[in-house]
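Written out below as structure tokens is the structure these notes cover.
The values are calculated or read from the model by the stated rules, or taken from the named source; none is laboratory data. These numbers were taken from a predicted model, which means no experiment stands behind them. A quick note on method: Cβ atoms are made from the backbone with ideal geometry, for glycine too, and the neighbour counts reach across all protein chains shown. Accessible surface areas use protein heavy atoms only, side chains included; no ligands, DNA or RNA. Shrake-Rupley method; radii C 1.70, N 1.55, O 1.52, S 1.80 Å.
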Amino acid sequence: MAENATCQHITSFFLVGIPGLENFHCWIGILVCLLFALTLLGNSIILATVKLEPSLHQPMYFFLCMLAINDMCLSSSAALKMLGIFWFDAHWIDFDVCLTQMYFIHTLCIMESAILVAMAFDRFVAICIPLHYASILTTSMVTKLGLVCLIRGVLLIFPCPFLIKRLPYYTKYVIPHAYCEHMAVVKLASANTLINRVYGISVALSVIIVDVGLIGTSYVKILQSVFRLSSLNARSKALGTCAAHVCTILVSYTPALFSFLTHRIGKNVPPSVHISVASVYLLVPSAVNPVVYGVKTKQIRDRVIDLFFTHKKLSEK
């Protein structure tokens, strides 16, 4: 047992949940369950709508489907264990299972960021060089971009579990978190963790700098092209196609950046706030993204209404 592991490697960790809010875990679990259900339902509707509507078989919606699948996997990786903690006091998690959860959560987070970059590139081509849109963003190119998103996430996080496995874990086994987060696990090691810390912060910074830089560059070019248009209506229409993507970027990166900074320099941030924001970062964007795209994207909104409400009216007749 972990309590007696003073001379041997511990075999399991104890996930606290949200420190300081233990008395509210049951209610927090209800919120997590609702977000998880909304994630599965909303993203499933997006996938079904794109699959069933031939007019949506375009690069923009293929990237949206990638985002939907990634969101469902990410939410599942974190929410199921959270519900176990909040509702059933299932705080213990096996060492290897913890590393597996950590690997999938961080890989999927990096993939999510890469997909947002691909979607920004799609909008850049559509608005800045529309005549070449069909020739640049072919089905083959979309597939390759999707594979790049997957491979980058897999390779960047691949060393992390092995770097952790080499560390001795003797006495500390309590993780003040609701899921197995990389730095939270590293901090428990009974040895020098400089390599782990340097690699972790290098990956995080490189992903943030490269992805935000590429997205920012795309939107600078988009704005330059939009403001060259003489028609106000054309400007509004062009910017309208980017609205959902911009909302998704803000929802995804804001809590992610806060969580990243508080883990490293936010010494005075209460643990309950930090862990809550870290959980929000994993659960809320995945639940909100399909709602944002459903509301902001006219094509999807119209198709959802046609597919679901038209069939309902026909069945009533």
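Here is how the numbers come out for the structure above:
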{"item": "Lysine pairs with alpha-carbon atoms under 18 Å apart, the chain, spacing 8 or more or separate chains", "result": "7"}
{"item": "Accessible area of the chain belonging to carbon and sulfur atoms, whole % at 1.4 Å probe", "result": "71"}
{"item": "Mean Cβ neighbour count within 10 Å, used as a protection proxy, ranking 217-228, 82-93, 242-253 highest first", "result": "242-253, 82-93, 217-228"}
{"item": "Neighbour net charge for Ser225 - beta-carbon separation under 11 angstrom, K R +1, D E -1", "result": "+4"}
{"item": "Largest-first principal axis extents of the Cα set of the chain (Å)", "result": "71, 50, 36"}
{"item": "1.4 Å probe accessible area per residue over region 46-137, in Å²", "result": "39"}
{"item": "Centre separation in Å (Cα based) which lies between region 207-240 and region 110-159", "result": "17"}
